[in-house]
Amino acid sequence: MTLEHLKAIYHQPFFDLLEQARKVHQTHWKGKPLQLCALLSIKSGGCSEDCAYCAQSSRYSTHVKREGLIPVEQVVSAAVRAKAAGATRLCMGAAWRGIDTDDPRFLSILEMVRRVRETGLEACITLGVLSPSAAQQLQKAGLTVYNHNLDTGEEFFPKIVSTHSFRDRLENIRRIREAGIGLCCGGIIGMGESVDDRLSLLQTLSSMTPPPDSVPINCLIPIPGTPLEKQPPVPSFELIRLIATARIAMPQARVRLAAGRLKLSPEAQALCFYAGANSIFHGEKLLTTNNQAPNQDIKLLQELDLLPEDLLGKAENSLQPSA
Ligand code: SAM
Ligand code: DTB
Ligand code: SF4
């Protein structure tokens, strides 16, 4: 889709946009349950890169302590808990520029992927840059999808990251795809970019052949100590418009209402789902910050009749009046 086309979609009257997105959504996703993904940080902090939004860059002094790769058994128990809480996918995040196959920790990573799959969950991982051989080995281990976000439009990207380029990220995405791994690729809004920068990101994503399997739309969580710590929140209607536009531009992609739900009202979240978001991160924590509490998720999803069936029992408990 061209940038002009995306602009025309995005800027139409709000309710016309919602109506168009809803139609596309119902054509492709009617009756399909909302996807709940759990997140787990498997290696926190100390990253060499300078992404201006990130709590884990070694360039900034933030709340994050630098830690090594966590043990495989810790990942397995997180996967088992996530499954019991209703998630269907575990997304593992490592704060690295990248990892290669000659790094001894790569074997543990492969083991994590295999063991997560054995629990019956889908496995997603984000490790930064991969060599073709690392990508192939992850595919063989059973990795369902790899998360590598483009984060923003190509023009704005250098204002956010100087240690690698938008092109580097596209190259990495090519290697992931060539290895036959599903692609999870999206971005962040609220970093000071314009609406055109956000639409430029959607243009790049929707022009991929095929577009990503899932598209996380994160709202910046401003992290004290990072250059973006003072950024004001994105107005909810801008987020809803962007989600609707993503739904129309990529009808078959899962659009994830990703980081930042804690700052959104239940009504704004409901409009995001109406506009086509059909995936969330579910669990107490994102990577280094808090997520909306699981019982709040359950309450909201039940009110909207969006709760996946196997979670109905839990909803009954969370709707009991609290003491
Ligand atoms: N090192 C890996 C990489 O760069 O691809 C992955 C880790 S990074 C934490 C994964 C994604 O989380 C980022 O690309 C960004 O979209 C999102 N993210 C990170 N920090 C965020 C923040 N403070 N607010 C919102 N989204 C954030
Ligand atoms: C994505 O798009 N968002 C997730 C996941 N992929 C790895 C990460 C969100 C991180 C939010 C900030 C934090 O907790 O540090
Ligand atoms: Fe954070 Fe990933 Fe950038 Fe490192 S490469 S600073 S972990 S977003």
**OP:** Please report Tyr146, Tyr10 as a ranked list, fewest other C-beta atoms within 10 angstrom at the top and most at the bottom.
**Re:** Tyr10, Tyr146
Original post:
Isolated Cys in the chain by the 4.7 Å beta carbon test?
Top reply: Cys37, Cys47, Cys184, Cys185, Cys219, Cys272
Subject >> Selected from Leu306, Leu143, Leu202 as most flexible by GNM, with the chain as the system and alpha-carbon contacts under 10 Å >> reply: Leu306
Subject >> Inter-centroid distance (Cα atoms) of the stretch 222-273 relative to the stretch 40-87, Å >> reply: 22 Å
Original post:
Lys pairs in the stretch 3-301, Cα-Cα under 25 Å, at least 8 apart or on separate chains: how many?
Top reply: 24
Original post:
Counting pairs of alpha carbon atoms under 8 Å apart in space and at least six apart in sequence, what relative contact order in percent does the stretch 3-301 give?
Top reply: 22 percent
Original post:
Counting other C-beta atoms within 10 Å, which of Ile189, Ile243 has the fewest, and how do the rest follow?
Top reply: Ile189, Ile243
Subject >> Inverse mean reciprocal Cα-Cα distance (Kirkwood Rh) of the stretch 218-308, Å >> reply: 13.8 Å
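Only counting other Cβ atoms within 10 Å, I'd like Thr88, Thr209, Thr152, Thr119 sorted with the fewest neighbours first.
In increasing order of surrounding Cβ atoms, one gets Thr209, Thr119, Thr88, Thr152.
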Original post:
Just from its helices, what would the mean residue ellipticity at 222 nm be for the chain, if runs of 4 or more DSSP H residues each count -39500 (n - 2.57) and the sum is divided by every residue, rounded to the nearest 500 deg cm²/dmol?
Top reply: -12000 deg cm²/dmol
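None of the figures in this text is laboratory data; all of them are computed from the coordinates on show. These figures come from a predicted structure and were not determined experimentally. Backbone-built Cβ (ideal geometry, glycine too); neighbour counts: all protein chains shown.
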